[in-house]
1. Report the rotationally averaged projected area of the chain based on its alpha-carbon convex hull, in square nanometres.
2. Under the rule of at least 5 residues apart or a separate chain, name every residue whose amide H is placed under 5 Å from the amide H of Met4.
3. Can you work out the Karplus-derived ³J(HN,Hα) for every residue in the stretch 50-58? Use 6.51 cos²θ - 1.76 cosθ + 1.60 with θ = phi - 60°, whole Hz, and x for glycine or proline.
4. Provide the per residue accessible area, probe 1.4 Å, for the stretch 1-121, rounded to a whole number of square angstrom.
5. If amide hydrogens are placed 1.01 Å from N in the peptide plane, which non-local residues have theirs closer than 5 Å to the one on Leu9?
6. Taking amide H positions as placed 1.01 Å from N in the peptide plane, with prolines and chain starts having none, which residues 5 or more places from Gly91, or on another chain, fall under 5 Å of its amide H?
7. Relative to the present Cα-Cα distance, how much length would full extension add between Arg88 and Met129 at 0.36 nm per residue of separation?
8. Karplus couplings for the stretch 79-89 from phi (6.51 cos²θ - 1.76 cosθ + 1.60, θ = phi - 60°), rounded to Hz, Gly and Pro as x?
Amino acid sequence: VCAMIGLLLITHGTFGGSLIQNVCHVLNKRPPFLAQLGVASQDDLPSVLPLARLLLAAVDAGDGVLILTDMLGATPANLALQLLEPKRIEGVAGLNLPMLLRALTYRNGDLATLLQKAVSGGCDGVTNMQTTLTTN
């Protein structure tokens, strides 16, 4: 059986849901073991933590989970930090669409590789368009 690392997006408001909608459009299907939790400004961590744990369990097929969050230091990332378990549940902040697509592409391997690929995908997706045009 092929490994399938789960992905959980924990973001501000509807950001994660919008990213998943875009991924479904690009891939023409909804990927399995992918969920999101939108955190509102009035949410406090103790009240949202049980739901986050439920979603984490729902996307965990036994091969680990990568949690992607939008901004380090903010409430969604602080929630994600409470869920991390080294080598089983890892987290990356700075979520963007290229990062999510890269994570979906490489989640059939091991968690350490997926972690590296997600970060590089997010960074590589940020580029000066004019410079890219003139060098290609």
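1. Working: hull surface 36.3 nm².
Quarter of the Cα hull surface area: 9.1 nm².
2. Counting only residues 5 or more places away or on other chains, the set is Asp63.
3. x, 5, 4, 5, 5, 5, 4, 5, 5
4. Working: 6040 Å² over 121 residues.
With the other protein chains kept in place, the stretch 1-121 gives 50 Å² per residue.
5. Ala35, Gln36, Leu37, Leu68
6. Ile67
7. Values: separation 41, 0.36 × 41 = 14.76 nm, distance 3.65 nm.
11.1 nm is the gain from fully extending Arg88 to Met129.
8. For the stretch 79-89, the Karplus curve yields 5, 4, 4, 6, 9, 5, 9, x, 6, 10, 10 Hz.
The values are calculated or read from the model by the stated rules, or taken from the named source; none is laboratory data. Bear in mind the structure is a predicted one, so any value in this text is a computation, not a measurement. Cβ atoms come from the backbone with ideal geometry, glycine included; neighbour counts cover every protein chain shown. Side chains included, ligands, DNA and RNA excluded: accessible areas come from the protein's heavy atoms. Shrake-Rupley method; radii C 1.70, N 1.55, O 1.52, S 1.80 Å.
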